1. If you count only protein heavy atoms and use a 1.4 Å probe, how large is the accessible surface of Leu16, to the nearest 10 Å²?
2. With a point put 7 Å past each Cα toward its Cβ, work out how far Arg45 is from Leu295 in nm, to one decimal.
3. Calculate for the chain the 222 nm mean residue ellipticity that helices alone would give, adding -39,500 (n - 2.57) per DSSP H run of length 4 or more and normalising by residue count, nearest 500 deg cm²/dmol.
4. In angstroms, what radius of gyration and Dmax does the stretch 55-96 have, counting Cα atoms only?
5. Measure nothing but the geometry: give the 0 to 90° angle between the long axis through the Cα atoms of 146-164 and the longest principal axis through the Cα atoms of the chain, rounded to 10°.
6. Report, in whole Å, the centroid distance computed from the Cα atoms of the stretch 166-216 and the stretch 41-84.
7. Calculate the all-directions average of the projected area of the chain's alpha-carbon convex hull, and give it in nm².
8. Work out how much length Ser211 to Arg134 would gain on full extension: take 0.36 nm times their residue separation and subtract the Cα-Cα distance, in nm to one decimal.
Amino acid sequence: METQLSSQQLSTVPQLFALATRIEGKGQYNAAKLLRAAADSVMRRSAYQHGLSTDLGGIAGDLTEAIRALRDTPVDSAISDALDRARDMIAAGQQTMLADFPDAYVCRRCGESSLGPPKTPCVTCGAWPTTFQRFLPVYWLNELDPPSAMRHLADTPKQLGTLLDGLSEKEMDRVPQAGSWSIRQAVTHIRDADGVLNTRIKLITEQQNPSLAFAPVFAWTSGAAERAPRTAEVFDQYISSRSESINRLRSLRYEDWWKTGRHEEFGTVTLLEQVSYFAAHELTHLRQIYNGRMLARA
């Protein structure tokens, strides 16, 4: 088990960001990117080792502490107020939607923050409002180009098949720890998600800016009332669904990738963003399945 990062190690993060900004000012962008990557790595490593609660009650308590700490910082008070509302909704099992929780923006130069897009130059450093960094709900909305998105959609079933190869149904049905998913549940979730993607491809390409209803795919797997089919059967259904998704996308004109839909959680999204989202989303679950396989083989 790795030890917690020291306060001295964490104190290097502002220095790394400050140095990156100065180096960028000299046109040394490739050196600056490494400094930003190093700063991000230090912070994520510290977060990974933090050991916060994972149950809803504990999360609500941790959010309360975080909000209290944020109110003593220069972070826009609107962000703290929004988090205050989010805490109550999360504790009640409600979904936080874009209409009530707009994207946050942060000045890349000085760190000034804003809930929603800033409309005037930065009050601290004068940076132009459109240069602020926008924080999307998930990084999966950072769109791939169409060929890359198609490659991801085609490659993931092969990687998943390799991870499942040789495992018994008993091994794939094993839950590693309370609150986590078995391999079968993770594969079921991936299959269900591709079904949502398939439906949205059809909606966006056949209708003008259609409404895309929030789909609680995570809850479908976690709260299943009855046992799903054997994992091999679920995987076959996923392969069939993915083949249909790819065939639909291959039939599109290039400009169709930028057709839009209205999502109640993420706002206006393009077809490309939705495909990028689902392509990246399922990759995050390969870790679950890989860890389950290692546990079964231990």
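The values are calculated or read from the model by the stated rules, or taken from the named source; none is laboratory data. All values derive from a computational prediction rather than experimental measurement. Every residue, glycine among them, receives a Cβ derived from its backbone with ideal geometry; neighbour counts consider all protein chains shown. SASA here: full protein model, heavy atoms, side chains in, ligands and nucleic acids out. Shrake-Rupley method; radii C 1.70, N 1.55, O 1.52, S 1.80 Å.
1. Roughly 40 Å² of Leu16 is accessible to a 1.4 Å probe.
2. Calculated label separation equals 2.7 nm.
3. Value at 222 nm, helices only, nearest 500: -18500 deg cm²/dmol.
4. 10.3, 30
5. The two axes meet at around 60 degrees.
6. Here the two parts' Cα centres lie 29 Å apart.
7. Here the figure is 18.6 nm², rounded to one decimal.
8. Once the chain is fully extended between Ser211 and Arg134, it gains 25.4 nm.
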